[in-house]
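Report on one structure; see the data block that follows.
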Amino acid sequence: MNAIMQRIEPKQQDIGFIVRRLLPVRGCRQIGPFVFLDHMGPAYFVAAGTEGDVRPHPHIGLATVTYLTQGAMMHRDSLGTVQRIEPGAVNLMVAGRGIVHSERVPPDIRECQLAVEGLQMWLALPLADEACAPAFHHYPADELPQSQLPRALVRLLIGNAYGMHSPVRTFSDTLYLDWQLKGGGELLLPEVAERGLYLFDGEVQLGDERVRAGELVQLGPGEIRLQASACAHGVLFGGAPLDAPRYLDWNFVASDKARLQQAREDWAAGRFAMVPGETEFIPLPG
């Protein structure tokens, strides 16, 4: 059986900075509980102004997972959270029945002209948690376990792998890890029900198949070993299949289309709690 079930090329968008949309796409709406993946940057922002800032906007039915490899962002939400995130840390924002947040480029990042780059992912919450109370969790880089293997470094972001356990909260069987290989290195990938592999840099071999930087591949079952002839860096993510179909509409995720419509109406009518101290917002599309 082939190691690769599907290859996914990113769709590039400019939202004040360049993002590459990788999930959802035709033929691959989710991988495990992950229903959304954007690779943002690397981007540089001018010192003056708000270029790169993402104004307050709402979510329901999901948990956002933010992971940076360069730079920093400042998170604010309707719970009153104010949290800077830097490379190696994880921000987990549980939207549940509804939350509003903004993501802004810190002044020092602008002034020093530092690049900002990372992954923004969404986890669909299980049916039992779709309407849970919203929450926010921050996990500094030094709280996330890592393992130095022969010519490989693995940082575990979510789940269990290589004898390590991540402290990041989970709602279902979920795996998310950052890996780096040196030239001549190899890595036997953990097996979960559904897996995706995304490369930041370099290229790797999966048996007779090659994966290049910027490409997402949906992996098949069974034993899969990564091999790199030069330095490569990427992430592996996935987990158990969703417990029911999910629908996405703008920033909303739900198992019931009527709930999506209600969320749209609530945002248009101003019924979401807003981010304290912020007056801007992203209007409903259309």
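The values are calculated or read from the model by the stated rules, or taken from the named source; none is laboratory data. Note that this is a predicted model, so its numbers are computed, not measured. Glycine also receives a Cβ, built like all others from the backbone with ideal geometry; neighbour counts cover every protein chain displayed. Accessible surface is based on the protein model in full, side chains and every heavy atom, while ligands, DNA and RNA are left aside. Shrake-Rupley method; radii C 1.70, N 1.55, O 1.52, S 1.80 Å.
Table for the structure above
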quantity	calculated
Restricting region 190-271 to chymotrypsin sites (Phe, Trp or Tyr not before Pro) in coil, as DSSP defines it, with at most 16 other Cβ within 10 Å	TRP250
Only Lys, Arg (+1) and Asp, Glu (-1) charged, at Cβ; region 170-286 dipole about Cα centre in debye	140
Structure-derived Kirkwood radius over Cα pairs in Å - corresponding label in [x] 21.3; [y] 19.4; [z] 28.8	[y]
Estimated [θ] at 222 nm from DSSP helical runs (n ≥ 4, -39500 (n - 2.57)) normalised by residues in the chain, nearest 500	-1500 deg cm²/dmol
Sites ALA244 and ILE18 - FRET efficiency at Förster radius 30 Å, r taken between beta-carbons, to 0.05	0.35
Exposure of ASP201 as accessible area (Å², to 10), given a probe of 1.4 Å and all protein chains	90
Relative contact order computed over region 19-67 (Cα-Cα under 8 Å; 6+ residues apart), in percent	28
Hz values of 3J(HN,Hα) by residue in region 66-82 - Karplus curve (6.51, -1.76, 1.60), Gly and Pro given as x	10, 9, 9, 10, 8, x, 6, 9, 10, 9, 9, 9, 6, 7, x, 5, 10
Under the Karplus curve 6.51 cos²θ - 1.76 cosθ + 1.60, θ = phi - 60°, whole-Hz ³J(HN,Hα) for region 227-242, x wherever Gly or Pro sits	9, 10, 8, 9, 4, 9, 9, x, 10, 10, 8, x, x, 6, x, 5
Span from the region 103-180 Cα centroid across to the region 62-89 one, whole angstrom	10
Ordering of 155-161, 191-197 by packing [mean C-beta count within 10 Å, highest first]	155-161, 191-197
Net +/- balance of residues flanking LEU219 in space, Cβ distance below 9 Å, scoring K and R +1, D and E -1	0
Between region 207-286 and region 9-30, the Cα center-to-center distance that results, in Å	10
Region 197-233: GluC sites (Glu not before Pro) in DSSP coil with no more than 13 other Cβ atoms inside 10 Å	GLU223
